[in-house]
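Q: First the structure, which I've put down as C-alpha cells, then a few questions once you've had a look.
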Amino acid sequence: MADFNSSGKPLDFEKGFTIDFNMVNGLSSVKNTSKRLLSKVKSMFYDEEAAKKELEENGDRLVYEFHELPAPEHDGDLAFGMSIVYPGKVGNEYYMTKGHFHTILDTGEVYYCLSGHGYMMLESPEGDWSCQELIPGKAVYCPKRYAHRSINVSPHEVLRTFFVFRADAGHDYGTIEEKGYRHLLVEQDGEPAIIDNPNWKQ
Ligand code: ZN
C-alpha cells in the first residue's frame with residue numbers, strides 16, 4: 001500500500017509524506033545516519049586521561065549516532081529524527097552527545113524517550129540550566145535558547161529518543177566545543193550526580 005498525492009512522486013517532501021521508522025531500534029529505511037566514535041568526540045569528556053585510557057583498553061567504541069529523517073528545511077517546517085546514545089563511561093562521565101545550541105537561538109525542540117534511561121542537560125548562554133530525566137514514555141521540552149545534550153546513565157541499555165525541531169533552526173556545535181557545559185553529569189557512588197565542569201571556559 002502506498003500514499004497518494006497530487007504529484008504522483010512516491011516521497012514528495014513538499015507534500016505530506018510518511019516515513020517508516022522502527023520504534024524499537026530507531027532505524028529507518030531512509031538512511032541519513034551520522035556516527036560519532038570515541039576518538040572523534042573524546043575532547044567533550046572532562047577527563048582527558050580517562051578518555052585516552054578508555055581508547056587504549058576498549059578500543060574506538062561508538063558513543064552515539066543520529067538519524068535525520070528528510071524534511072524540507074524552511075522556516076515553518078519541522079525536522080525530525082532519532083538520537084541513539086550507547087551505554088558507557090569515560091572515567092566517571094557517562095556517554096553523551098556533544099550537545100548544541102540552535103543557530104537560530106530562539107527555537108525549541110522536543111525529545112521523546114523510546115528506550116533506556118538518560119538525562120537531557122539544558123543550559124542557556126547566561127548559565128541557567130536544568131537536567132531532565134528521560135525514561136521511556138517521557139517527553140522533554142528543550143526551551144528556546146537552551147543548549148541540549150542527551151546523556152545515557154544506564155550501564156547496559158541504549159538510550160533512544162525521537163526529536164522534532166524547527167527545520168531551519170540549524171546546529172551550533174562550536175560554542176559547546178569551545179566552552180563546554182558549565183555542569184556535567186557523572187557517576188558518584190553508583191548514582192548520577194551533577195558536578196561543575198572543571199574545564200569550562202568563560
Ligand atoms: Zn537541537
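Read-outs throughout are calculated quantities, based only on the coordinates presented, and are distinct from any laboratory measurement. Bear in mind that the values here come from a model prediction, so they are computed numbers and not experimental data. Neighbour counts run over all protein chains shown; Cβ positions are idealised from the backbone, glycine included.
Q: Summing Lys, Arg as +1 and Asp, Glu as -1, what charge do residues with Cβ under 9 Å from the Cβ of GLU54 carry, GLU54 excluded? Mind showing how you got there, number by number?
A: Values: positive: LYS42, LYS52, LYS53, ARG61, LYS89; negative: GLU56, GLU57.
Net charge in that neighbourhood comes out at +3.
Q: What relative contact order, as a whole-number percentage, does the chain give when Cα pairs under 8 Å and 6 or more residues apart are counted?
A: 21 percent
Q: Apply the Karplus curve 6.51 cos²θ - 1.76 cosθ + 1.60, θ = phi - 60°, to the phi angles in the stretch 35-43 and return the couplings in whole Hz, x for Gly and Pro.
A: Couplings: 10, 10, 7, 3, 4, 7, 10, 4, 5 Hz.
Q: Still on this structure, I have one more. Any idea how far apart GLU73 and ASN92 come out in nm if each label point goes 7 Å out from Cα toward Cβ?
A: With each label point 7 Å from Cα toward Cβ, the separation is 4.0 nm.
Q: Shifting gears a bit: Given N residues in the stretch 51-200, what is Rg(Cα) / (2.2 N^0.38 Å)? Don't skip to the answer; put the middle values down first.
A: Details: Rg = 15.1 Å, N = 150, 2.2 N^0.38 = 14.8 Å.
Expressed relative to 2.2 N^0.38 Å, the Cα Rg reads 1.02.
Q: Convert each backbone phi in the stretch 126-143 into a coupling constant with the Karplus relation 6.51 cos²θ - 1.76 cosθ + 1.60 (shift: θ = phi - 60°), then list the ³J(HN,Hα) values in order as whole Hz, x for Gly and Pro.
A: So the Karplus estimates, Gly and Pro as x, are 7, x, 5, 8, 7, 9, 9, 6, 10, 9, x, x, 9, 10, 10, 9, 8, x Hz.
Q: Tell me, what HN-Hα J-couplings in whole Hz come from the Karplus equation 6.51 cos²θ - 1.76 cosθ + 1.60 at θ = phi - 60° for each residue of the stretch 62-73, using x for Gly and Pro?
A: 6, 8, 7, 8, 9, 10, 9, 8, x, 8, x, 9
Q: Let me ask you something else. Between Rg and the Kirkwood Rh of the stretch 137-202, both from Cα atoms, what is the Rg to Rh ratio?
A: 0.98
Q: Take the residue pairs LYS40/LYS89; LYS89/LYS144; LYS89/LYS138; LYS35/LYS89; LYS98/LYS144 and return only those whose Cα atoms are more than 21 Å apart.
A: Working: LYS40/LYS89 15 Å; LYS89/LYS144 29 Å; LYS89/LYS138 24 Å; LYS35/LYS89 17 Å; LYS98/LYS144 18 Å.
The pairs that break the limit, which is 21 Å between Cα atoms, are LYS89/LYS144; LYS89/LYS138.
Q: Taking Cα atoms, how many degrees apart are the long axis of helix 48-58 and the longest axis of the chain, rounded to 10 and kept between 0 and 90?
A: That helix lies at roughly 70 degrees to the long axis.
Q: Ok, one more. Given a Förster distance of 30 Å, report the FRET efficiency between GLN132 and THR33 from their Cβ-Cβ distance, rounded to the nearest 0.05.
A: 0.70
Q: Taking only the alpha-carbon positions of the stretch 1-87 and ignoring solvent, what does the Debye formula give for the base-10 log of I(q)/I(0) at q = 0.13 Å⁻¹?
A: Ignoring solvent entirely, the Cα scatterers give -0.60.
Q: Related question: Restricting to DSSP H runs of at least four residues, report the calculated mean residue ellipticity at 222 nm for the chain, -39500 (n - 2.57) per run over all residues, nearest 500 deg cm²/dmol.
A: Helices in the chain give a 222 nm mean residue ellipticity of -2500 deg cm²/dmol.
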